Amino acid sequence: MHIEFYGATSGITGSCHILRANGETILLDCGLIQGRREEMEKNRRPFPFSPDEISAVVLSHGHIDHSGRIPLLVKQGYQGPIYAQNATVDLCDILLQDSAFLQEKDAQYENKWRKRKKKPLIEPLYTVADARDALNNLIGLRYREKQEILPGVSIRYQDAGHILGSASVEIWLDEKGKQRKVVFSGDLGQYDTPILNDPAAIGQADHLIVESTYGNRRHRDRQNTIDEIGGIIREAAHEKGNLLIPAFSIGRSQEILYYLGKYYDQWELDRWQVFLDSPMAIRASKVYWEYPHLYDEEATRLRKRINEMPHLRNLKLTQTPQESMAINRIKSGAIIISASGMCTGGRIIHHLKHNISRSGAHVMIVGYQANGTLGRALVDGKSLVRIHGDEYRVKANIHTVGGLSAHADIDDLMRWVGNFNSHPQVHVVHGEPESKQDFCDKLASDLKLKASVPMYGDILEL
């Protein structure tokens, strides 16, 4: 009975761990590695295990850095069940097919110059057809219901409060009369965020695998964050520029729309045109609408009162490429919410090309930006950035609004881990090296827990 650590050990993305017990092999997450080009190339390396030895996949949530290599796993021979919370199943239907579409497009783009250079052509990591094959294997489970998924292996999903359907996973292992309980945090959300419930408390575990994205940082106070957003909108209005908001299609886009609707009058949004320029975010918003029983108390009250999230009278949903391109003819008065959240692809790249060198334009960064991404370069204050092979001088105003992160900060993480009364052994993953180590040290000093940072390929006997 043991744990093998593979993904999100040397960084934040590519979540992937193995549990072995009672002759069964359980894969926790199978995420895509994101960031610099050389990092993303690691996705093409063979899995550190054989796909046909996996008995079951247990998915914490739909974000691509946790789910994005599932189509590759199926493409390489895995045919077993893939368990996920019900809402995650619906979101994966959107996310995995979109990821596959991007894989195909990236391969086409890459092969253009390879053909010119007479270099060997590449295949996409996986195709839309592969993604659809994988989706056929997904099995939805509810929160708080314990389920035996294999002989001697049971799981229960608890709400992680990160995005719709995100879960922390309780896993019970039974081998030859020996029992162990492992808890995998998945990605934890902040307490008191809109729409979603707080991360559910779990009291007992022998071993805890926990994320540490913000393991040494605190987010800005929620009200201060709301005031900051209002200030940015007023400043952009005064300077008569556009406001670009790179936002993850799942979770962050819905939260931003929620705030824009709630503070519509206070922020004088009637003077703006608001665009949700992401087909995936539009589809994801419809999924959010279909799961009102997963909302928090405030969102539930609003839905009951007006039968919708706070209303944005001037919101335009742009589905087609032609509608998206038309936005770039607008020089002033547009709030553009578009993916990707780290500015690594998607429509936001084109909006940045048209606005980044305008002194009156504003860019509001509202989520974590991994090393090597365009979003990180903007946050770090680079004066020149490269987009689609060309250099652009950054004249737009760049704002970093940390309080909207979908990830728990250090106080949230300590609060959540503090719910355990069984003193589990803690294994810190999913963070930059300094963040992981600082969080590990704080767990040891403040909660007196035995905590460590596993390396790639480490095997822990239970």
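The values are calculated or read from the model by the stated rules, or taken from the named source; none is laboratory data. From a predicted model like this one, the values you see are computed outputs, not experimental measurements. All Cβ positions, even for glycine, are placed from backbone atoms using ideal geometry, and neighbour counts span all protein chains on display.
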Subject >> Tally of residues being over 15 Å from residue 296 (Cα atoms), surrounded by 24 or more Cβ atoms within 10 Å (Cβ to Cβ) and not acidic (Asp, Glu) across the range 184-204 >> reply: 4
**OP:** Report yes if some residue within the range 416-423 is within 16 Å of residue 5 (Cβ to Cβ) and surrounded by fewer than 16 Cβ atoms within 10 Å (Cβ to Cβ); otherwise report no.
**Re:** no
Original post:
Within the range 272-283, how many residues are in contact (Cβ under 8 Å) with a residue 40 or more places away in the chain and either part of a helix (DSSP H, G or I) or more than 25 Å from the chain's Cα centre (by Cα) (or both)?
Top reply: 6
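For (1) within 27 Å of the chain's Cα centre (by Cα); (2) within 30 Å of residue 432 (Cα to Cα), each residue gets a yes or a no:
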| position | (1), (2) |
| --- | --- |
| 214 | yes, yes |
| 217 | yes, yes |
| 228 | yes, yes |
| 255 | yes, yes |
| 260 | yes, no |
| 267 | no, no |
| 270 | no, no |
Subject >> Single condition residue 156 does not satisfy, out of (1) under 30 Å from residue 367 (Cβ atoms); (2) among the basic types (Lys, Arg); (3) assigned to a helix (DSSP H, G or I) >> reply: (3)
**OP:** All but one of (1) of a type outside the set (Val, Ile, Thr); (2) touching a residue at least 24 places away in the same chain (Cβ under 8 Å); (3) outside the structural domain of residue 21 (by TED's automatic domain parsing) hold for residue 420, so report the exception by its number.
**Re:** (3)
Original post:
Can we say residue 54 is touching a helix residue (DSSP H, G or I) at 6+ places or on another chain (Cβ under 8 Å), among the β-branched types (Val, Ile, Thr) and crowded, with 19+ Cβ neighbours inside 10 Å?
Top reply: yes
Subject >> Single residue of the range 171-203 satisfying the filter (among the hydrophobic types (A, V, I, L, M, F, W, C) and under 17 Å from the mean Cα position of the chain (by Cα)) that is farthest from residue 61 (Cα to Cα) >> reply: 195
**OP:** Identify all residues within the range 156-170 that are crowded, with 23+ Cβ neighbours inside 10 Å and touching a strand residue (DSSP E or B) at 6+ places or on another chain (Cβ under 6 Å); write none if there are none.
**Re:** 157, 160, 161, 165, 167, 168, 169
**OP:** Filter the range 270-295 down to residues that are surrounded by 15 or more Cβ atoms within 10 Å (Cβ to Cβ) and more than 13 Å from residue 245 (Cβ to Cβ), then give me how many there are.
**Re:** 12
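Let's see how each residue does on (1) closer than 30 Å to residue 345 by Cα; (2) touching a Gly at 6+ places or on another chain (Cβ under 6 Å):
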site: 124; (1), (2): yes, no
site: 130; (1), (2): yes, no
site: 148; (1), (2): no, no
site: 168; (1), (2): yes, yes
site: 202; (1), (2): no, no
site: 205; (1), (2): no, no
Original post:
Do we have any residue at all in the range 118-126 that's part of a loop (DSSP other than H, G, I, E, B), of a type in the set (A, V, I, L, M, F, W, C) and surrounded by fewer than 20 Cβ atoms within 10 Å (Cβ to Cβ)?
Top reply: yes
**OP:** Could you please find all residues in the range 37-74 being among the charged types (D, E, K, R) and either over 23 Å from the mean Cα position of the chain (by Cα) or in the same structural domain as residue 375 (by TED's automatic domain parsing) (or both)?
**Re:** 52, 53
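Rundown of residues vs (1) under 30 Å from residue 110 (Cα atoms); (2) modelled with pLDDT under 95, yes/no style:
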| residue | (1), (2) |
| --- | --- |
| 347 | yes, yes |
| 356 | yes, no |
| 367 | yes, yes |
| 447 | no, no |
| 458 | no, no |
Original post:
Somewhere in the range 209-231, is a residue of a type outside the set (S, T, N, Q), closer than 27 Å to residue 336 by Cα, touching a strand residue (DSSP E or B) at 6+ places or on another chain (Cβ under 6 Å) and surrounded by 18 or more Cβ atoms within 10 Å (Cβ to Cβ)?
Top reply: no
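Residues are listed down the side, and each one gets a yes or a no for (1) in contact with a Ser or Thr (Cβ under 9 Å, 6 or more places away or on another chain); (2) within 21 Å of residue 123 (Cβ to Cβ):
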position	(1), (2)
41	no, yes
63	yes, no
69	no, yes
73	no, yes
76	yes, yes
88	yes, no
**OP:** Please find, among 34, 85, 97, 103, the residue that is more than 17 Å from the chain's Cα centre (by Cα) and on the phi < 0 side of the Ramachandran plot.
**Re:** 103
